[in-house]
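Right, one structure below, let's go through it.
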Amino acid sequence: MYSEEILLRGHIIDSLILPKAMDTILEQGGDYEIEDLEVGKLKTDKSTAKLLVKSEDYETFNRILDMLTDYGAEVIKDVEEVELIESEKDKTVPSNFYSTSNYNTKIRYNNQWINIDNIEMDCVITVDTENETATCKPLNSIKKGEKIVVGRRGVKVTPPEKARGKNQFEFMNSDASAEKPTQSIIHKVAVEMKEIKDNGGKILVVGGPAIIHTGCAPILADLIREGYVDKIFAGNALATHDIENALYGTSLGVKMETGELVEHGHKHHLSAINTINKAGSIRDAVEQGVLTSGIMYECVKKNAPYVLAGSIRDDGPLPDVITDSQEAQQRMREEVQDVDMVIMIATLLHSVATGNLIPARIKSVCVDISNASVTKLADRGSAQVISIVTDIGSFLPMLEDELHRLE
């Protein structure tokens, strides 16, 4: 029988960390005994639980301890230093590498705890032993000779906690549903946005072309111009149809004012791409007076960074689109580091990609008319994301109204 004493502490009752940990142990084929449990009485009090984790199988035992690490479990024994092994070649790591979550993570090295500032899920941790710093890196960026954290020894994870009492975002704890009171949820999102901006924070919007198709391009453009949105992540489609709308008043050849299909309108998006290609780039088109309105126009005028990541189905694409997926991913990774809130709107693949890059501390909202789309983020590990099931054509106008009321 293999066994180990672990300690869980914090708001482990309100955040359901303790029951999740116990369920995990049993579901993975192990067993446990609760040796000590102290439950905080007041809202600000934290709880502690000491469990003896057991299993008859060594691999099962280690798998359970690895999973419990993601709940913030600490092994009750002398604090050990992190174990490091050098990579033998580029883009490879030792087989027992530590795989990161998006929770706040520290490692123990040279008798001190080192925080991993750029934490994201599904990466590895490298340690610069000379400067005593640690970095979270994707597998494809690993170089031969880098020192890689292996096993769970010397790793401390702190999952998000939910204290007792009313919370501005407490609706995040229930499942996504179109039956939720949309107006009150959007009000809470607006309040959070206003607070972030008042404190000098930054907000990123990850958008799909439905924003343009539903006639909401002017609203998102307003939010950029008014300083509520600082950055944009999107694909070729959003930018192309936004520019099509600015140049021809159509999206996918449909007149935005009347909803009528324009004759030969099917080529408008190609003409839009062609116009930008002639100018040289989106910024060049703005500076030359070719592009005078829209989302991309406001991004250029406000110096709001945008990352347009390409896909295999793109027409064109626009010259600003990054067609190398790994390069686009790295650009996105760099841009999310100083973001305080992410709002993902009607773009499943870009939302999942962004969700995988951001730490759990970043407040995140995913809006889509499809219930399956907004819940997929949680399924992929982005448990902190708030899901709103509603029509995009309703969400953005209501959000803008709420923000203006708060002013």
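The values are calculated or read from the model by the stated rules, or taken from the named source; none is laboratory data. None of the values given here were measured: they were computed from a predicted structure. Note: ideal-geometry Cβ built from the backbone for every residue, glycine included; neighbour counts use all protein chains shown. Heads up: the accessible areas ignore ligands, DNA and RNA and are worked out on the full protein's heavy atoms, side chains in. Shrake-Rupley method; radii C 1.70, N 1.55, O 1.52, S 1.80 Å.
Pairs are defined by a Cβ separation below 7 Å, a sequence spacing of at least 6 or placement on different chains, a first member in region 1-12 that is farther than 29 Å from LYS43 by Cβ, and a second member that is open to solvent by 40 Å² or more (accessible area, probe 1.4 Å) and aliphatic (A, V, I, L, M); the pairs so defined are GLU4/VAL75.
Looking across region 45-68 at every residue that is of a type in the set (A, V, I, L, M) and part of a helix (DSSP H, G or I), the one that is most open to solvent (accessible area, probe 1.4 Å) is identified as MET67. Residue check: is ALA309 on the phi > 0 side of the Ramachandran plot, in contact with a helix residue (DSSP H, G or I) (Cβ under 9 Å, 6 or more places away or on another chain) and either of a type in the set (Gly, Ala, Ser) or touching a residue at least 12 places away in the same chain (Cβ under 8 Å) (or both)? No: the conditions fail for ALA309.
There is no residue in region 173-188 that is at pLDDT 95 or above and open to solvent by 40 Å² or more (accessible area, probe 1.4 Å). Flag set for ILE295, criterion: hydrophobic (A, V, I, L, M, F, W, C) and in contact with an Asp or Glu (Cβ under 7 Å, 6 or more places away or on another chain). Residues in region 1-38 that are part of a loop (DSSP other than H, G, I, E, B), open to solvent by 40 Å² or more (accessible area, probe 1.4 Å) and modelled with pLDDT of 90 or more: GLN28, GLY29.
Looking at region 260-319, which of the residues that are among the charged types (D, E, K, R) and farther than 23 Å from GLU335 by Cβ is surrounded by the fewest Cβ atoms within 10 Å (Cβ to Cβ)?
My answer is GLU263.
If you go through region 199-223 and keep only what is within 22 Å of the chain's Cα centre (by Cα) and either acidic (Asp, Glu) or in a loop (DSSP other than H, G, I, E, B) (or both), you end up with ASN199, GLY200, GLY201, LYS202, GLY208, PRO209.
Under 8 Å between Cβ atoms, at least 6 apart or on separate chains: pull out the pairs that start in region 225-247 with a residue that is hydroxyl-bearing (Ser, Thr, Tyr) and end on any residue that is surrounded by fewer than 24 Cβ atoms within 10 Å (Cβ to Cβ) and part of a strand (DSSP E or B). From region 225-247, the pairs are TYR228/ILE203. Every condition in (1) over 34 Å from the mean Cα position of the chain (by Cα); (2) at pLDDT 95 or above is met by GLY265 except one, and the failing one is (2). Criterion first (assigned to a helix (DSSP H, G or I), touching a residue at least 24 places away in the same chain (Cβ under 8 Å) and within 31 Å of the chain's Cα centre (by Cα)) does THR275 satisfy it? So THR275 does not fit the description; no.
One residue alone among LYS137, LYS91 is open to solvent by 80 Å² or more (accessible area, probe 1.4 Å), within 25 Å of the chain's Cα centre (by Cα) and at pLDDT 90 or above, and that residue is LYS91. The set of residues in region 192-229 being open to solvent by 40 Å² or more (accessible area, probe 1.4 Å) and either in contact with a strand residue (DSSP E or B) (Cβ under 6 Å, 6 or more places away or on another chain) or of a type in the set (A, V, I, L, M, F, W, C) (or both) consists of HIS213 alone.
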